[in-house]
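What follows is one structure encoded as structure tokens, with my remarks underneath.
The values are calculated or read from the model by the stated rules, or taken from the named source; none is laboratory data. Being a predicted model, the structure only gives us computed values, none of them experimental. For neighbour counting, all protein chains shown are included, and Cβ atoms are generated from backbone atoms with ideal geometry for every residue, glycine included. Accessible surface is based on the protein model in full, side chains and every heavy atom, while ligands, DNA and RNA are left aside. Shrake-Rupley method; radii C 1.70, N 1.55, O 1.52, S 1.80 Å.
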Amino acid sequence: MNYLGEPKKLAEWLSDSAAYPADGWLYIKTDVASLDLTTLCWPGIVESIELSNEEYDEMESWLEKNGFKSFLNNDEIEDVANNLVQQLSSYTDAQLLKAVRHYWENDAFIEAESI
């Protein structure tokens, strides 16, 4: 079974026009060490909440065997963007990328002064 949809560049997922998958999760290749706007992200096409424990374990195993790891979900990306709006009146794509990268690497929001 394939658990992932067609990939898009991170820039597309960060845009307002992106249609996120049902459970909102994006996946990246396990060898991705640094993010940029061209990093490919695959949407999850299976709602993990509807899976039994065994099915979930099977999905996790499939993802690992096929070289994928979970990245961020729609809610987290929205939270990062909303945090930027609270700190800055507007932001650029480069600033959003830096904030997403910081969140991904540190599990924390970035301080606008460091952008």
Checklist entry - Mind checking which pairs have a first residue in segment 45-58 that is under 18 Å from Gly5 (Cβ atoms) and a second that is surrounded by 10 or more Cβ atoms within 10 Å (Cβ to Cβ) and aromatic (Phe, Trp, Tyr), Cβ under 8 Å, 6 or more apart or different chains? => result Ile45/Tyr3; Val46/Tyr3; Ser48/Trp25; Ser48/Tyr56
Checklist entry - Which one of the conditions (1) touching a residue at least 60 places away in the same chain (Cβ under 8 Å); (2) open to solvent by less than 60 Å² (accessible area, probe 1.4 Å); (3) out of contact with any Ser or Thr (no Cβ under 8 Å at 6 or more places or on another chain) does Ala11 fail to meet, given that it meets all the rest? => result (3)
